[in-house]
1. Would you tally the residues in segment 269-289 being crowded, with 24+ Cβ neighbours inside 10 Å and either part of a helix (DSSP H, G or I) or within 16 Å of the ligand (Cβ to nearest atom) (or both)?
2. Identify, please: which residue in segment 483-521 is without any contact (Cβ under 8 Å) to a residue 24 or more places away in the chain and of a type in the set (Ser, Thr, Tyr) and is, among those, farthest from Met351 (Cα to Cα)?
3. Does Ser358 meet the test of being over 28 Å from Phe443 (Cα atoms), in contact (Cβ under 8 Å) with a residue 60 or more places away in the chain, within 14 Å of the ligand (Cβ to nearest atom) and assigned by TED's automatic domain parsing to the domain that holds Glu115?
4. Does Thr292 satisfy the condition of being modelled with pLDDT of 95 or more, surrounded by fewer than 24 Cβ atoms within 10 Å (Cβ to Cβ) and not acidic (Asp, Glu)?
5. Residues that are out of contact with any His (no Cβ under 6 Å at 6 or more places or on another chain), among the acidic types (Asp, Glu), within 16 Å of the ligand (Cβ to nearest atom) and in contact (Cβ under 8 Å) with a residue 12 or more places away in the chain: does segment 291-299 have at least one?
6. Taking the condition modelled with pLDDT of 95 or more and either more than 21 Å from Asp317 (Cβ to Cβ) or out of contact with any strand residue (DSSP E or B) (no Cβ under 6 Å at 6 or more places or on another chain) (or both), does Lys246 pass?
7. Residues in segment 310-352 that are of a type in the set (Lys, Arg), within 14 Å of the ligand (Cβ to nearest atom) and touching an Asp or Glu at 6+ places or on another chain (Cβ under 7 Å): how many?
8. Would segment 104-112 turn up any residue that is part of a helix (DSSP H, G or I), modelled with pLDDT of 95 or more, β-branched (Val, Ile, Thr) and over 28 Å from Ser401 (Cβ atoms)?
Amino acid sequence: TTDEDIRFSFSILKELAQPILKALSDRMPMPDVKPGYIKDLLPTEAPQYPEEWKTIFGDLEKVVMSTNTNWHHPHFFAYFPTACSYPSIMADILSGGLSSIGFTWKSGPAMTELEMATLDWLVSALDLPEHFKNSHSGPGCGIIQSTASDATLVAIMAARARAVENVKREPSPFLNWVTQSEVGQVVGSTIKKILARVTQNSEEEKDDGIIVPHFHDPTVFEKFIAYCSDQAHSSVEKDVMLCGVKLRKLKSVLEPKLNNYTVTAQVLEKAIKEDRARGLIPFVFVASMGSTNTCGVDFLTEVGPVCNREGIWLHVDAAYAGSYLLCDEYRYMSEGVEMADSFNYNAHKAMLVNFDCSPMWFKDGRQATRYFTVDPLYLKHEHDATDYRHLQIALGRRFRSLKIWFTLRSLGIKAIQAHLRGLNERAVLFASLIESDGDFDLFCPHHLGLVCFKLVKGGNAATEALLAAVNVDNRIHIVPASVHGTFFLRLAVCTPNTNDDDIRFAFSVLKELAQPILKSL
Ligand code: PLP
């Protein structure tokens, strides 16, 4: 196969893709349906006897395609991207075909080992610390969670359990079970052995069947306080709520590097001091790398040393921005990541791997496994190998590493880097259109594929009116955000289907819709 053949193959694919992409663009980014629409399209009861596949598939257009939000429309600019690529779709189809659930090594050797290997690939590709690797001799490890919300919940629960132990100064049954030399001095692939050699992490089961986990102490939880930026994603608040502890959202400030919103060391230190003085126990800080509102970054070189010094678990939520670490030029965001206890990002946002795929790494996986381990007879097996069930909430797990493996191999890192740079370039173009127009202002400088902007005149009310007009007009789809009382609009470049003309189109729609609002001021 010559280079010429490769170009020829690519041109064929490109040609064949055109009608499909056109069909996508011919739809609207948002469907024209109202809540409850489906009751007019579906019978109220499931069929007793099989229907023709042709009929079922034929209904797809009516029931799904024409009524769903079109996330891959070139004029869809809301939220953050949800990734889609051919190799990733193929992997999901195959995963469905394999229909396996790899909760233990024995229940899915390929599912377990491909996950371990591909997460190590990602550690190198994203330039994350070597100690996160499954193949590293230390206790670090990586797992694919479903979502960033799940990953943060797991991190907070592990941090909470670690903190209870610290408070009670009681060794857990697990620590008794693992020899002191394994805990103190990590030899070989200890974490992998620990993932394999499990123990009941709860107190002895009483006669009445009641089990109380040794790290579960509501009297201590009452004093626990978690931290995040006031810019952190709502999932952090939800996760903390589910953990039954307090949350303090720290006031973010504009930092000079990106001119974006961040938590400084000073703000974090002050909060820790104040909270300790009132009898609370700070135990976790969830840093945002690429906040949802403005794509701000809590720089780890700022907050990392404070967390490490104060014994506070540092979890990094890099849901959106993490994919960009594939490119050298964005690695200013991960400086200091070696101080993180856990790190997570969504490959299903910007890395062309379909939902769901949320790689997560622990500096010391023992800390999570020792709290999430239950060991019924039917899950035990004879192998000394990783059982991923100990690092997640559910027992069952999908074969998500297959889509990382397919996507990285089929596209190659270079193509994914080009894709990420492309998202950024579209954002740069949109930001330049906003900046050079007298009617609009950037709310803060664009970062990665996100541009935050507002109308110059008319305050929040005018920009809110513009959003309302955009929603009625329906040619483009964007969502708003608000930081410290200022309402603004976010344009996130979400799909590789969006080209420069689409960006100019989005700007022209906004400009057109802004005119009556500005005139009415
Ligand atoms: N964290 C950040 C910064 C996000 O932007 C998002 C979603 O956009 C999430 C967490 C939640 O992601 P998930 O849907 O994977 O839970």
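The values are calculated or read from the model by the stated rules, or taken from the named source; none is laboratory data. Since we're looking at a predicted model, the values are computed, not measured. Positions of Cβ are generated from backbone atoms using ideal geometry, with glycine treated the same way; all protein chains shown enter the neighbour counts.
1. Residues in segment 269-289 being crowded, with 24+ Cβ neighbours inside 10 Å and either part of a helix (DSSP H, G or I) or within 16 Å of the ligand (Cβ to nearest atom) (or both): 6 in total.
2. Ser520
3. Values: over 28 Å from Phe443 (Cα atoms): yes; in contact (Cβ under 8 Å) with a residue 60 or more places away in the chain: yes; within 14 Å of the ligand (Cβ to nearest atom): yes; assigned by TED's automatic domain parsing to the domain that holds Glu115: yes.
Against the criterion (over 28 Å from Phe443 (Cα atoms), in contact (Cβ under 8 Å) with a residue 60 or more places away in the chain, within 14 Å of the ligand (Cβ to nearest atom) and assigned by TED's automatic domain parsing to the domain that holds Glu115), Ser358 qualifies.
4. Numbers: modelled with pLDDT of 95 or more: yes; surrounded by fewer than 24 Cβ atoms within 10 Å (Cβ to Cβ): yes; not acidic (Asp, Glu): yes.
Considered against the rule, which asks whether it is modelled with pLDDT of 95 or more, surrounded by fewer than 24 Cβ atoms within 10 Å (Cβ to Cβ) and not acidic (Asp, Glu), Thr292 comes out as yes.
5. Going through segment 291-299, the residues out of contact with any His (no Cβ under 6 Å at 6 or more places or on another chain) turn out to be 291, 293-294, 296-299.
With among the acidic types (Asp, Glu) added as a condition, the list becomes 298.
Now restrict to residues that are within 16 Å of the ligand (Cβ to nearest atom): 298.
Subset that is in contact (Cβ under 8 Å) with a residue 12 or more places away in the chain: 298.
There is at least one residue in segment 291-299 that is out of contact with any His (no Cβ under 6 Å at 6 or more places or on another chain), among the acidic types (Asp, Glu), within 16 Å of the ligand (Cβ to nearest atom) and in contact (Cβ under 8 Å) with a residue 12 or more places away in the chain.
6. Values: modelled with pLDDT of 95 or more: yes; either more than 21 Å from Asp317 (Cβ to Cβ) or out of contact with any strand residue (DSSP E or B) (no Cβ under 6 Å at 6 or more places or on another chain) (or both): no.
Answer is no for this residue.
7. First, pick out the residues of segment 310-352 that are of a type in the set (Lys, Arg): 331, 349.
Adding the requirement that they be within 14 Å of the ligand (Cβ to nearest atom) leaves 349.
Restricting the remaining residues to those that are touching an Asp or Glu at 6+ places or on another chain (Cβ under 7 Å) gives none.
Selection size over segment 310-352: 0.
8. no
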